[in-house]
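Peer 1: Sharing a structure with you now.
The values are calculated or read from the model by the stated rules, or taken from the named source; none is laboratory data. Everything numeric in this text was worked out from a predicted model, so none of it was measured. Here the Cβ is made from the backbone with ideal geometry for all residues, glycine too, and neighbour counts use every protein chain on show. The accessibility values were calculated without ligands, DNA or RNA, using every heavy atom of the protein model including side chains. Shrake-Rupley method; radii C 1.70, N 1.55, O 1.52, S 1.80 Å.
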Amino acid sequence: ENRRSPRDRKEDLLRMATMEDSKKRKAEATEEEPAAKQQAKDTSEKETDAPSDSRPALKAPIGFNAKDTTLNVFSAMDNKVLMSLSEGGMQYLIAGARANVGVKAGRYMFEVKIIEALNPQEAAQNNRSPQPRQVCRLGFSTADSSLILGDSDDGFYFDSDGFFGAGKKRAKKSQNFLREQVVAVVLNLDSSSPNANTISLFREGVRIAEPQPVPEALQGKELFPHVSYRNVSLQVNMGPNPFKPLPFKCRMLQTAAAADKVESKDQPKGGKYEVVMPVGVPDEGTFDWLD
């Protein structure tokens, strides 16, 4: 060994260091396995394949009625794409849209994908003006809830930052989801299921949140798909086929049995709405009249 040249010994040491580095990287890769895959190994999915259902299915397409959306919402592609106004200060406002069909029983899902993330800028006199954050909340609410998820106790949701919200309370319960990722929201109202009265979240077909309980005050009520968002554009898929299959077969809302669904009420006669535009003079009781 002593007869070997310094160059040979240097090459041996370099080779050994390379082998050790390779082993170290392999060990680190194993430790840093994605949380979603690790979760799939550690926990068993309690949701099972949906059984065959011969009951008549929903025929009318699911969409968003104007009365169930905030004024800054506008839709395209037959209600499959939702966008919002984002200029002239509107980028600071959250948009909300509640579907025209809800469910009262069974287990159903819908999907959403963020297809556009906006970063609108507004001219300001100084550089300290706050920049609006991108927001995306996906969940369910009652027919008479606030159109902004999180503003009232009549809704619950997951958001893109990994929080679960019920009413005005939020807690970290999920992983984040980003642009171009298909997110599925599963509402389980099947009383025979081990996950009865829960809502779950899946990203790209993989569970990223444990089932969260539907608030007790909302159990037994009719619940409608609901989205709230700011500075993003959404692609909404109510069915009949999912973008990304889940580990179990789950029906989408568009294929819901007619007996399990409910349509939004209080539609105007003839499909026409009445618009009231108040015009008032300062200090003449305008605010009292509005209240």
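Peer 1: Here is the link list: Lys221/Lys261; Lys104/Lys221; Lys113/Lys244. Which ones come out longer than 18 Å on Cα distance?
Peer 2: none
Peer 1: Related question: In the stretch 75-118, which trypsin sites (Lys or Arg not before Pro) fall in coil by DSSP and have 15 or fewer other Cβ atoms within 10 Å?
Peer 2: Lys80, Lys104
Peer 1: At a 1.4 Å probe radius, which order do Ile148, Ile115 fall into by accessible area, largest first?
Peer 2: Ile115, Ile148
Peer 1: Averaging over all projection directions, find the projected area of the Cα convex hull of the stretch 226-291 and quote it in nm² with one decimal place.
Peer 2: Mean projected area for the stretch 226-291: 9.5 nm², to one decimal.
Peer 1: Net charge near Phe156, counting Lys/Arg +1 and Asp/Glu -1 over other residues with Cβ under 12 Å of its Cβ?
Peer 2: Once positives and negatives cancel, what remains is +2.
Peer 1: Okay, moving on. Which FRET efficiency, nearest 0.05, do Ser44 and Ser152 yield, Cβ-Cβ r, R0 35 Å?
Peer 2: The formula returns an efficiency of 0.45 here.
Peer 1: Enter the Cα centre distance for the pair the stretch 172-219 and the stretch 68-113, rounded to the nearest angstrom.
Peer 2: Using only Cα atoms to place each centre, the spacing works out to 19 Å.
Peer 1: Grab the beta carbon distance between Lys244 and Met77, set R0 = 22 Å, and tell me the FRET efficiency rounded to 0.05.
Peer 2: So, using R0 = 22 Å, E works out to roughly 0.70.
Peer 1: A further question on this structure: R0 = 41 Å: FRET efficiency of Asn176 with Lys269, Cβ-based, nearest 0.05?
Peer 2: 0.35
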